[in-house]
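Following: one structure in C-alpha cells, then a few remarks.
Only the coordinates and a few stated rules stand behind these numbers; no lab work does. As the structure is a prediction and not an experimental result, all values here were calculated from the model. Backbone-built Cβ (ideal geometry, glycine too); neighbour counts: all protein chains shown.
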Amino acid sequence: MHFHRYEKIWLGFGIFSLVLFLSIVGVSAFGFNHHPTGGLDTIDPEKVEETPPFDQPGVKRLDENTYEVAIIAEAFGYSPNNIEVPVGKEIIFRVTSKDVTHSFSIINTNVNMMVVPGQISEKSYTFKKTGDFLILCNEYCGTGHHYMQAEIKVVE
Ligand code: CUA
C-alpha cells in the first residue's frame, strides 16, 4: 500500500514538473516575442509621437552625468536631425522607427543600431571629444536612403 502511495506522489510530481516546464517555456516564448533582440522595449509604431520619450524628441537631462536623446527615424530622415550633447557625459540614445527598418549609426563611434518599427533601440555612449558627428542610416530603406542623415554637435 505504501508503494502505491509513493507511486502516486511521484506521478503527481511528474505532472507538476511537466506543467512547470511547459509554463516556463510558455513564459519564455511570450517574453521572447516581446523582446526579439533582448532587453528592447516595444512601441506602437502608429503612436510614436504620443509615446514617451518620443512625444518630446530631442535631448533631455536625466541627472548631472546622464542625458537621454530620443530620436524618431522615418523615411528619409531623423527628428530632430540636429542635436547638441555635452562631452564626457553618458548619453542614452533611444531611437524608434515610424515606418520601415532603418539604422542609427554614429560615424567614428560604436553606436550602430538597427531601428525596427515597433521597437525602441537603445544604446549608451559617452563622447570623449568635442566636435561634429554624423549620423547615417546603414540599412537600405528606399529611394531616399542615401540622404538619410543627421548631425550631433558635441560641446563642452
Ligand atoms: Cu533609413 Cu536607410
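May I ask you to list the residues in the range 102-153 that are basic (Lys, Arg) and more than 24 Å from Glu46 (Cα to Cα)? Steps first, please.
We begin by selecting, within the range 102-153, every residue basic (Lys, Arg); these are 123, 128-129, 153.
Answer for the range 102-153, where residues must be basic (Lys, Arg) and more than 24 Å from Glu46 (Cα to Cα): Lys128, Lys129, Lys153.
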Among strands (runs of 3 or more DSSP E) entirely within the range 56-156, at least 2 residues that are among the polar types (S, T, N, Q) occur in 90-97, 102-106, 119-126
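With more than 9 Å from the ligand (Cβ to nearest atom) and over 18 Å from Asp55 (Cβ atoms) as the only criterion, which of Ile135, Ile120, Ile92 stands out? Please lay out each step first, then the result.
Working: Ile120 fails: over 18 Å from Asp55 (Cβ atoms); Ile92 fails: over 18 Å from Asp55 (Cβ atoms).
None of the others qualify; the one that does is Ile135.
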query = Can you spot a residue in the range 54-70 that is within 16 Å of the ligand (Cβ to nearest atom), touching a residue at least 24 places away in the same chain (Cβ under 8 Å) and touching a helix residue (DSSP H, G or I) at 6+ places or on another chain (Cβ under 9 Å)?
reply = no
Listed by first then second residue, the pairs whose first member lies in the range 136-149 and is over 9 Å from Ala75 (Cβ atoms), whose partner is β-branched (Val, Ile, Thr) and more than 6 Å from the ligand (Cβ to nearest atom), with beta carbons under 7 Å and at least 6 positions apart or on separate chains, are Leu136/Ile107; Glu139/Thr101; Gln149/Ile135
Quiz item: If you check Phe76 against the conditions, is it among the aromatic types (Phe, Trp, Tyr), under 15 Å from Phe133 (Cα atoms) and either within 11 Å of the ligand (Cβ to nearest atom) or crowded, with 19+ Cβ neighbours inside 10 Å (or both)?
Solution: no
Within the range 139-156, restricting to residues that are surrounded by 15 or more Cβ atoms within 10 Å (Cβ to Cβ) and farther than 26 Å from Asn65 by Cα, the one that is farthest from the ligand (Cβ to nearest atom) is Gln149
When the range 114-126 is checked residue by residue, the ones that are within 20 Å of Val59 (Cβ to Cβ) and surrounded by 20 or more Cβ atoms within 10 Å (Cβ to Cβ) are Val115, Ser121
